[in-house]
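Report on the following structure.
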Amino acid sequence: MIYFKNSFYWKFRSWMKLVVILSAIVALKGQSRIDGQIVDKETGEPLIGVNVFISKTSIGATTDKDGLYTIKNISNGRYELVISMIGYTMEKKELNLFANAQLDMDFWLTTDPIKMKEILVTKKSNKQWKKDYKVFKNAFLGNSKNAKSCKIINEYVLSFNRGENIFSASAQRPLIIENKRLGYVVTYYLDEFTTNNTFLRSDDESFFNFFFISSTQFVRYTGESFFTEMEPKSEQQKRQWIKNRQIAYNGSLRHFLATLGKRFDRRYKMKGDSLRQRNDWLLISGSKKDPLTKEGFEVYPKEEYRKGYDYRELLNERLVWSTKNDNELLLSFKDKMMVKFNKEGEELNYRFYTFDSDSKPKIHQTSFLKLGKDSIIFDKNGRYYERFMIEKQEYMGWERVGDQLPFDYKPIQD
């Protein structure tokens with residue numbers, strides 16, 4: 001009997017080892033790799049220290065003395081590969097990676113004499129620049145707790161311009177942003193930042209309030225970003241960062257789109273060559289088993305030609321359609337769509353920017369989404385690719401760069 005138990009134990013242990021190995025293989029399935037070399041286009045000499053990264057992620061590498069780089073473990077999906085070095089023109093390459101892709105990508109960089117000039121820090125005594133910087137910081141980083149913890153280390157690379165109706169910003173070098181609540185250093189290559197500036201005609205800071213809430217105001221910014229994890233000073237700080245990142249993810253646009261992806265998979269299945277609704281869907285829809293309900297979302301598409309309250313709760317209407325790519329879906333709806341997130345309430349700071357600072361923060365977060373065209377593509381991880389094609393209003397719109405997470409961030413699963 002003892003021998004039998006020992007034999008069973010060793011067999012069980014061997015079986016568990018096999019499970020672990022197979023799990024690791026499954027985890028790596030679909031991971032792609034990129035190798036290449038970066039050289040000076042004019043001289044042909046390899047360039048050391050070039051930053052090569054997947055935009056909006058923490059995935060990247062730096063070239064060695066031979067100009068070589070390797071980026072491993074890239075999940076399937078669409079990406080933008082960025083090649084950047086001070087003194088050279090930035091290169092970008094769109095990628096669409098499938099299972100176990102292995103790409104060789106070499107680049108020849110062209111010198112950019114303008115960026116090689118020394119940037120003189122002469123704006124420190126400029127009062128107007130300081131006022132403009134305050135406007136930019138509030139609009140770009142946001143006013144949430146996460147945003148308030150952010151610091152732009154090299155703010156004096158920024159320049160501002162006030163037109164008749166437009167306030168814009170540009171940066172001679174990438175912005176280095178420390179986000180102390182989320183534990184990231186974000187390198188942000190600012191391509192565009194604009195806002196209409198009617199509220200800027202007064203020095204009264206109360207005008208900043210109007211900027212964030214009025215439907216006549218807008219903020220438009222875009223750029224490439226790379227996230228580097230900060231080293232925690234203690235286990236407690238590490239745990240706090242994990243918690244704060246999950247809170248930042250909860251209720252975000254990415255969380256919402258990923259949930260729509262889960263709902264699509266729960267609702268439909270392939271039968272032969274066609275997509276069919278599952279037999280139990282009508283029982284699932286709107287219940288606690290519905291992914292939208294489970295994740296804490298309520299969705300209200302706008303109902304046209306209806307008097308009074310313009311929004312009605314989503315029941316079995318289709319918002320999402322399949323594409324030829326199993327990992328990508330198509331989102332389509334008319335006009336605006338209201339999205340409520342019930343698992344977190346508003347931050348107090350949000351109340352100040354709705355001219356309603358006297359009332360308590362609501363126990364849910366309300367946002368509105370509007371598409372820039374009939375439909376947009378997103379993947380089942382909640383990422384979408386076309387810039388400015390989803391307009392975020394109210395709570396989602398209030399959260400800015402200070403609340404952003406890298407695309408490769410993996411939320412905690414219940």
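Among Ile38, Ile177, Ile247, which comes first, second and so on when ranked by fewest other beta-carbon atoms within 10 Å?
Numbers: Ile38 26, Ile177 23, Ile247 16.
If I rank by nearby Cβ atoms, fewest first, I get Ile247, Ile177, Ile38.
Along the positive direction of the dipole of region 250-403 (beta-carbon charges: Lys, Arg +1; Asp, Glu -1; about the Cα centre), which of Leu282, Phe341, Ile363 reaches farthest?
It is Leu282, whose Cα lies furthest towards the positive end.
Calculated FRET efficiency, Ile176 and Asp273, Cβ-Cβ r, R0 35 Å, to nearest 0.05?
Details: r = 51 Å, r/R0 = 1.46.
Using R0 = 35 Å, I get an efficiency of 0.10.
Put a dot 7 Å past each Cα toward the Cβ at Lys410 and Lys289; how far apart are the dots in nm?
2.8
Neighbouring Cβ atoms within 10 Å as the yardstick, rank Ser274, Ser32 fewest first. Walk me through the numbers on the way to the answer.
Details: Ser274 7, Ser32 20.
Lowest count first: Ser274, Ser32.
In nm, to one decimal, how far is the Asn342 label point from the Lys302 one, both placed 7 Å along Cα→Cβ?
2.5
In region 60-90, which residues have a backbone nitrogen under 18 Å from the label point lying 7 Å from Glu42's Cα in the Cα-to-Cβ direction?
85-90
Given the pairs Lys148/Lys380; Lys134/Lys180; Lys334/Lys410; Lys238/Lys294; Lys288/Lys343, which are separated by over 22 angstrom at their Cα positions?
Working: Lys148/Lys380 31 Å; Lys134/Lys180 19 Å; Lys334/Lys410 31 Å; Lys238/Lys294 28 Å; Lys288/Lys343 14 Å.
The answer is Lys148/Lys380; Lys334/Lys410; Lys238/Lys294.
Taking amide H positions as placed 1.01 Å from N in the peptide plane, with prolines and chain starts having none, which residues 5 or more places from Lys336, or on another chain, fall under 5 Å of its amide H?
Amide H neighbours of Lys336: Lys302.
With a point put 7 Å past each Cα toward its Cβ, work out how far Asp64 is from Glu229 in nm, to one decimal.
About 2.4 nm, to one decimal.
Give me Leu175, Leu68 sorted ascending by neighbouring Cβ count inside 10 Å, so fewest comes first.
Details: Leu175 21, Leu68 15.
In increasing order of surrounding Cβ atoms, one gets Leu68, Leu175.
To the nearest 20 debye, what charge dipole does region 252-302 have about its Cα centre, counting +1 at the Cβ of each Lys and Arg and -1 at the Cβ of each Asp and Glu?
Working: 13 positive and 6 negative charges, 17 e Å.
So the dipole magnitude of region 252-302 works out to roughly 80 debye.
Readers should treat all values here as calculations from the given coordinates under stated rules, not as data from a laboratory. Everything numeric here is computed off the predicted structure, so don't read it as measured data. Note that each Cβ is placed from the backbone with ideal geometry, even for glycine, and that neighbours are counted across all protein chains shown.
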